[in-house]
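What follows is calculated from the coordinates using simple rules that are stated; it is not laboratory data. These numbers were taken from a predicted model, which means no experiment stands behind them. Methodologically, a virtual Cβ is constructed for each residue, glycine included, from the backbone with ideal geometry; neighbour enumeration extends over all protein chains shown.
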Amino acid sequence: MARVALDENGLTVHGRRLGRPKVDHSALACTGCGAPRDAGRSRCRACCTSARSATRRRNPEASRTYLREWGARNPDKVKANTARRYAKNPERAKASARQWARNNPAKRSKIMVFQNAKRRSRLKANGGNGFTRADWDELLKRCAGLCAYCRMAPSESVDHFIPVSKGGAHNINNVVPACKHCNSWKRERDPVEWIRNRFGASRLAYVRSVMFT
């Protein structure tokens, strides 16, 4: 067993005595600004964040490499952090995503190729015979060319009532005319619950009347 070097006071290089529990110093002042510090740290959260930002500015490539490696080791944490940031400020997250897409068109194209291929494979696996243009025109006629969900905006997209990711088939019995806003908002949510919570039970009955049965 390796021996730990102690100073003349019997302390380790970290200022602790062997065998003693870690002390919570959160009641002490931050060594940077004097505010209450975080537990187990010598500085407060703001000073710690500022120090991390300064480190990233000094060596941005090393920071990016570390974050990529950490993300590869912790995919669940990355997903949870992304969902938390989106829930906190969805408009800011959407604007950031749009700006990233404009700044990185080649990367965006590669991602969409993968996503579209994955969606096509899901459609094929879920079954369904698709639908004709005449079928789609009939659906648009039933809802007067408007989104079947909000009944306000023009229909701009084909939405699978039961999401493809949830096993929804690609046929006329599972598609609804929708505006881009409602289509993006609904995403992979349970359609019945989403419509009831957003528009009420009567709207759910209307959507079902529009769909082929």
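Counting neighbouring beta carbons within 10 Å and listing from fewest to most, the residues Cys143, Cys182 come out as Cys143, Cys182.
Taking amide H as placed 1.01 Å from N in the peptide plane, the amide H of Arg37 sits under 5 Å from that of Leu28, Cys30, each at least 5 places away or on another chain. Shape of region 129-210 from its Cα gyration tensor (a ≥ b ≥ c, root eigenvalues): rounded if a/c is under 1.5, otherwise prolate when a/b > b/c, or oblate? Oblate shape, in that a/c is at least 1.5 and b/c is the bigger or equal ratio. Annotation: amide H of Val158 has no partner in the under-5 Å range at sequence separation 5 or more or interchain, hydrogens built in the peptide plane. The alpha-carbon of Lys88 sits under 17 angstrom from the alpha-carbons of these lysines, leaving out residues fewer than 8 places away in its chain: Lys77, Lys79.
Here Ile172, Ile111 are placed in order of increasing Cβ neighbour count within 10 Å, fewest first, which gives Ile111, Ile172. For region 73-89, the Karplus equation 6.51 cos²θ - 1.76 cosθ + 1.60, evaluated at θ = phi - 60°, returns couplings of 7, 10, x, 5, 5, 4, 5, 5, 5, 5, 5, 5, 5, 5, 5, 6, 8 Hz by residue, with Gly and Pro reported as x.
Taking other C-beta atoms within 10 angstrom as a stand-in for reagent exposure, Lys186, Lys141 fall in the order Lys141, Lys186, fewest first. When the Cα positions of Ser202, Val158, His181 are compared along the charge dipole of region 129-210, Ser202 comes out farthest toward the positive end, with charges on each C-beta of Lys, Arg, Asp and Glu. Spin-label model, Ala93/Ala144: points 7 Å from Cα along the beta carbon direction are separated by 3.5 nm.
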